[in-house]
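Below: one structure, written as structure tokens.
The values are calculated or read from the model by the stated rules, or taken from the named source; none is laboratory data. Predicted model, so just to flag it, every value in this text is computed and none were measured. Neighbour counts are summed over all protein chains in view; Cβ atoms, including those assigned to glycine, are modelled from backbone coordinates with ideal geometry.
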Amino acid sequence: MFSGLQVSAFLAWKSIQRGSKGTLALTIMIIALIFVNLIFLPSIISGVVENFNTQSIDFDIGNLIIEPREGSQYIENVTSLQKKVERIPGIAGTSPRIVAGVTYFYKGRNAASTLYGITPEDERSVTKIADHMLAGEFLSNGDTNAIIMGTTLAGEEGEEAGGLPSLQGVVVGDSVEVAYPNGEVRTYRVKGIYETQSFNVDTAAFVTGREMSGVLGLNDQASAILVKTDVNGREEEYKTELLSYGIQEEVRTYREKAAGFVDQAVQSFNIINTISTLVSLIIAIVVVFIVIFINTVNRRRQIGILKAIGIDQGIIINSYVLQVLFITAVGALAGMALAAGVTTYLTAYPLVFPGGPVYPVVEAPAVLRSIASLFAVSVVAGYIPAWQIAREDILTAIRG
Amino acid sequence: MIVAENLTRVYTMGRVEVRALRGVSLEVEKGEFVGIMGASGSGKSTLLHILGLLDRPTSGRVTVDGTDVLALSDHQRTLFRLNRLGYVFQDYALIGELTALENVYLTSLVRGAPREEYLRRSAGILERVGLADRMDHRQSELSGGEQQRVAIARALVNNPSILLADEPCANLDSQTSKSILDLFARLNEDLDQTIVMVSHEEWHKEYFCRVVTLRDGLIGDMAECRKERPPPGRTA
Ligand SMILES: Nc1ncnc2c1ncn2[C@@H]1O[C@H](COP(=O)(O)OP(=O)(O)OP(=O)(O)O)[C@@H](O)[C@H]1O
Ligand SMILES: [Mg+2]
């Protein structure tokens, strides 16, 4: 016997080939735009989340952060702990940080913010602050009276502080006074100014750990140790690993550490994302449905004739479904090309958010979901009118 | 053999009822070439639609070779149309997106004929209706008479045992009409095809084995079949 599907494919192809090119192009374009719409916002939101994550890892927290055990203010025996951690396979580096809330004084202005004490060489092995110097240089291990400062804290001459800590115009070579919480006051020469776009980091400053230990009277102690792993994304495994090596201190992943801030943001974004996707999908359903419905209804007479000459309605319906599948496939391809174009453009000229430039991150599951929804919608939108008309009385359909 | 018993067909349009057939009974023997004539609006197309399984009567019975075709499911009726009937529509009813040739071979494709065979047969039948050089034309590129001949070719291509033709020569000049009627006569003769054809033209009568005349939805006149069919006249 014959293959009904072959006849359906024949009819579908002739219809696409010889039907109105304008309608075909319009339908494909609409599907392409809907596709772009379905993946655009999620890609930006993924970009924002990705941005949060990289910023946290690269400048603020590292992949993992070791903090003092409950009840203590500092981690003790930092050097030996560092050695122990660095021996674990997959650990790329560790950097102890001492943290203090200080007040900065500069030309009669003052600002309260964070000051970190670091071991510059260790810090280089964990964060990328050293690569983000706007002016001057990063700290060296031997520096004693040098400070490097975030661009927000350094500020600009004449700017409004706007609620952020700003000394309004510090430049490299200037002297800045720092009042420590224990009352000690030191004067440092600004060795460099950096910009990471990470809010927490750009409003802070760094001196060497040795200098800060001296002022605060600490010995081989730190407020936290940042840990960098060879690859991102496997923090949970490394955390387990660290704990299994008998580390008594608190170990948290960057995600846990930033939980309050990032997770909340991510959650809100996910809600926006879900709503937007849902709305896009509903629009997609309605638009695709209308376009294909009209298309099919316009072929009412033709469907009637096909039935009249003895073609089974299953074959007729399938031919419409095949047409729709073809149109959707081309539309999705065009949509992917368009989305790739938009993504390339936004990668070259990124959108700038408070956290820095955001590059769109197109995630495979989002693309697959969009394609799947588009196909599902189209098939339904093609099937229903074809089925409705194919069921109709032959002569009524032929009369149009 | 087609047997129609007491067919009525009432079209209801809102409150108005149009009684297109009011009790038509008709028997057509296998191999007969019957002409249906009558004034415009007398119910000729309505009757042919019912015999062609395209419409159902409001009341009455239709059997074809003993099969009660009104009792068949839609799917069975579709298969019946595909495998047993050829139908020439009064308004041609071609598929606009297909060429003349594709229109003709579509049903052969559905019947699963080998490509080579259906292409050869379809081209052959188009040649016989005088459209050898119009095979790749689409409906919009064909004249009314050419469209009508494509419709005829489509109805004939599978050598159906029953051919129903609704004014198949309405748009043809008398020369072309004659060649089509000669073709019908030959198929009727050679393949013992049953043909029921609606016509307006007096001179077509000489081709018919008998003529059924409809008048206001009723049979006005039904001649006996002339057993001895005279050879088709040379002049129109
Ligand atoms: N779908 C319909 N709805 C309402 N009335 C109809 C419908 N189809 C046909 N009729 C009516 O039924 C009657 C018979 O129509 P039919 O088409 O059978 O006539 P006909 O004999 O084929 O005429 P013609 O020679 O003009 O083709 C006409 O009065 C017509 O108006
Ligand atoms: Mg008619």
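For A:Asn298, which of the numbered conditions (1) more than 14 Å from every other protein chain (Cβ to nearest Cβ); (2) loosely packed, with under 15 Cβ neighbours inside 10 Å fails to hold?
In the conditions (1) more than 14 Å from every other protein chain (Cβ to nearest Cβ); (2) loosely packed, with under 15 Cβ neighbours inside 10 Å, A:Asn298 misses (1) alone.
Would you point out the residue of region B:22-42, among those that are more than 16 Å from B:Val212 (Cβ to Cβ) and more than 16 Å from ligand 2 (Cβ to nearest atom), that is farthest from the other protein chains (Cβ to nearest Cβ)?
Checking each candidate, the answer is B:Gly31.
Just checking, how many residues over region A:305-326 are crowded, with 24+ Cβ neighbours inside 10 Å and either more than 23 Å from A:Arg391 (Cβ to Cβ) or not aliphatic (A, V, I, L, M) (or both)?
The total comes to 5.
With the requirement that a residue be out of contact with any strand residue (DSSP E or B) (no Cβ under 6 Å at 6 or more places or on another chain) and crowded, with 22+ Cβ neighbours inside 10 Å, what does region A:121-138 give you?
If the condition is that a residue be out of contact with any strand residue (DSSP E or B) (no Cβ under 6 Å at 6 or more places or on another chain) and crowded, with 22+ Cβ neighbours inside 10 Å, then A:Thr127 is the only one that fits.
Checking B:Glu224 against (1) part of a loop (DSSP other than H, G, I, E, B); (2) without any contact (Cβ under 8 Å) to a residue 24 or more places away in the chain; (3) within 16 Å of ligand 1 (Cβ to nearest atom): exactly one of these is not met. Which one?
With respect to (1) part of a loop (DSSP other than H, G, I, E, B); (2) without any contact (Cβ under 8 Å) to a residue 24 or more places away in the chain; (3) within 16 Å of ligand 1 (Cβ to nearest atom), B:Glu224 is out only on (3).
Condition first: more than 30 Å from A:Gly19 (Cβ to Cβ), outside any helix (DSSP H, G or I) and under 16 Å from the mean Cα position of the chain (by Cα). Can you find one or more residues in region B:135-157 that meet it?
Pass one, region B:135-157, residues more than 30 Å from A:Gly19 (Cβ to Cβ): none.
No - not one qualifying residue is present in region B:135-157.
Please go through region B:146-172 and pick out each residue that is within 16 Å of ligand 2 (Cβ to nearest atom), more than 20 Å from B:Asp190 (Cα to Cα) and within 13 Å of chain A (Cβ to nearest Cβ).
Once the filter is applied, which keeps residues that are within 16 Å of ligand 2 (Cβ to nearest atom), more than 20 Å from B:Asp190 (Cα to Cα) and within 13 Å of chain A (Cβ to nearest Cβ), region B:146-172 yields B:Ala151, B:Asp166.
For region A:20-45, give me each residue that is buried (at least 17 other Cβ atoms within 10 Å of the Cβ) and small (Gly, Ala, Ser).
A:Ala32, A:Ser43
Can you confirm whether region A:380-387 contains a residue that is over 20 Å from A:Thr27 (Cβ atoms) and either within 14 Å of chain B (Cβ to nearest Cβ) or not small (Gly, Ala, Ser) (or both)? Show your work before the answer.
Quick first cut of region A:380-387, residues over 20 Å from A:Thr27 (Cβ atoms) only: none.
The answer is no, given that none of the residues of region A:380-387 is over 20 Å from A:Thr27 (Cβ atoms) and either within 14 Å of chain B (Cβ to nearest Cβ) or not small (Gly, Ala, Ser) (or both).
Of all residues being of a type in the set (S, T, N, Q) and within 20 Å of A:Trp13 (Cα to Cα) in region B:80-104, which is surrounded by the fewest Cβ atoms within 10 Å (Cβ to Cβ)? Just the residue, please.
Going through region B:80-104, the residues of a type in the set (S, T, N, Q) turn out to be B:83, B:90, B:99, B:103.
Next, from what is left, pick out any that are within 20 Å of A:Trp13 (Cα to Cα): B:99, B:103.
Working: B:Thr99: 21, B:Asn103: 28.
Result: B:Thr99.
Across region B:85-122, which residue is farthest from the other protein chains (Cβ to nearest Cβ) among those that are hydrophobic (A, V, I, L, M, F, W, C) and within 16 Å of ligand 2 (Cβ to nearest atom)? First the steps, then the outcome.
Taking region B:85-122 as the starting set, the residues that turn out to be hydrophobic (A, V, I, L, M, F, W, C) are B:85, B:88-89, B:93-95, B:98, B:100-101, B:104, B:106, B:109-110, B:113, B:119.
After this cut, where a residue has to be within 16 Å of ligand 2 (Cβ to nearest atom) as well, the list is B:88-89, B:93.
Values: B:Val88: 11, B:Phe89: 8, B:Ala93: 5 Å.
Taking the candidates together, the pick is B:Val88.
Which numbered condition trips up B:Ser143, out of (1) more than 25 Å from B:Ile2 (Cα to Cα); (2) out of contact with any Phe, Trp or Tyr (no Cβ under 7 Å at 6 or more places or on another chain); (3) within 14 Å of chain A (Cβ to nearest Cβ)?
(3)
With the checklist (1) basic (Lys, Arg); (2) within 16 Å of ligand 1 (Cβ to nearest atom); (3) within 14 Å of chain A (Cβ to nearest Cβ) in hand, flag the one item B:Arg19 doesn't pass.
Failing condition for B:Arg19: (3).
Would you call A:Glu121 assigned by TED's automatic domain parsing to the domain that holds A:Ala224, among the acidic types (Asp, Glu), out of contact with any Ser or Thr (no Cβ under 7 Å at 6 or more places or on another chain) and free of Cβ contacts under 8 Å to residues at least 60 places away in the same chain? Break it down into steps so the answer makes sense when it comes.
Numbers: assigned by TED's automatic domain parsing to the domain that holds A:Ala224: yes; among the acidic types (Asp, Glu): yes; out of contact with any Ser or Thr (no Cβ under 7 Å at 6 or more places or on another chain): yes; free of Cβ contacts under 8 Å to residues at least 60 places away in the same chain: yes.
So A:Glu121 passes the test.
Return yes when A:Ser20 is over 21 Å from B:Thr107 (Cβ atoms), within 14 Å of chain B (Cβ to nearest Cβ) and not β-branched (Val, Ile, Thr) and no when it is not.
Details: over 21 Å from B:Thr107 (Cβ atoms): yes; within 14 Å of chain B (Cβ to nearest Cβ): yes; not β-branched (Val, Ile, Thr): yes.
In short, yes.
Filter region B:1-16 for residues that are closer than 19 Å to A:Arg399 by Cβ and more than 14 Å from every other protein chain (Cβ to nearest Cβ); which is farthest from ligand 2 (Cβ to nearest atom)? Write out each step before concluding.
Of all residues in region B:1-16, those closer than 19 Å to A:Arg399 by Cβ come to B:9-14, B:16.
Going one step further and asking which of them are more than 14 Å from every other protein chain (Cβ to nearest Cβ), we end up with B:10, B:14, B:16.
Details: B:Val10: 17, B:Gly14: 23, B:Val16: 20 Å.
Ranking the qualifying residues of region B:1-16, first place goes to B:Gly14.
Considering region A:334-367 alone, what residues qualify as being out of contact with any Asp or Glu (no Cβ under 9 Å at 6 or more places or on another chain) and among the aromatic types (Phe, Trp, Tyr)?
A:Tyr345, A:Tyr349, A:Phe353
Which condition number does A:Gln73 fail, the rest of (1) in contact with a strand residue (DSSP E or B) (Cβ under 6 Å, 6 or more places away or on another chain); (2) closer than 19 Å to A:Leu216 by Cβ being met?
Condition (1) is where A:Gln73 drops out.
Hand me the list of helices (runs of 4 or more DSSP H) wholly inside region A:194-303 holding 2 or more residues that are in contact with a strand residue (DSSP E or B) (Cβ under 9 Å, 6 or more places away or on another chain). Before the answer, list the steps.
Working: elements: A:199-202, A:209-216, A:235-244, A:254-257, A:264-297.
Ranges flagged: A:199-202, A:209-216, A:235-244, A:254-257.
Residue under question is B:Ser45, and the condition is that it be within 16 Å of ligand 2 (Cβ to nearest atom) and either under 26 Å from B:Arg154 (Cα atoms) or surrounded by 20 or more Cβ atoms within 10 Å (Cβ to Cβ) (or both); does it hold? Steps first, answer last, please.
Values: within 16 Å of ligand 2 (Cβ to nearest atom): yes; either under 26 Å from B:Arg154 (Cα atoms) or surrounded by 20 or more Cβ atoms within 10 Å (Cβ to Cβ) (or both): yes.
For B:Ser45, the condition - within 16 Å of ligand 2 (Cβ to nearest atom) and either under 26 Å from B:Arg154 (Cα atoms) or surrounded by 20 or more Cβ atoms within 10 Å (Cβ to Cβ) (or both) - is met.
Of the conditions (1) within 18 Å of B:Leu156 (Cβ to Cβ); (2) in contact with a strand residue (DSSP E or B) (Cβ under 6 Å, 6 or more places away or on another chain), B:Arg9 fails just one. Which one is it?
Exception for B:Arg9: condition (1).
Go through the residues of region A:25-37 one by one and say whether even a single one is in the same structural domain as A:Leu325 (by TED's automatic domain parsing) and free of Cβ contacts under 8 Å to residues at least 40 places away in the same chain.
If we filter region A:25-37 for residues that are in the same structural domain as A:Leu325 (by TED's automatic domain parsing), which is where we start, we get A:25-37.
Going one step further and asking which of them are free of Cβ contacts under 8 Å to residues at least 40 places away in the same chain, we end up with A:25.
Yes: region A:25-37 contains one or more residues that are in the same structural domain as A:Leu325 (by TED's automatic domain parsing) and free of Cβ contacts under 8 Å to residues at least 40 places away in the same chain.
Which is of a type in the set (Ser, Thr, Tyr), away from every other protein chain (no Cβ under 12 Å) and over 17 Å from the mean Cα position of the chain (by Cα), of A:Thr347, A:Thr343, A:Thr328? Walk me through it before giving the result.
On the way: A:Thr347 fails: over 17 Å from the mean Cα position of the chain (by Cα); A:Thr343 fails: over 17 Å from the mean Cα position of the chain (by Cα).
Exactly one residue qualifies, and that residue is A:Thr328.
Being surrounded by fewer than 22 Cβ atoms within 10 Å (Cβ to Cβ) and within 16 Å of ligand 2 (Cβ to nearest atom), is that true of even one residue in region B:55-77?
Checked against the condition, which is being surrounded by fewer than 22 Cβ atoms within 10 Å (Cβ to Cβ) and within 16 Å of ligand 2 (Cβ to nearest atom), region B:55-77 yields at least one hit.
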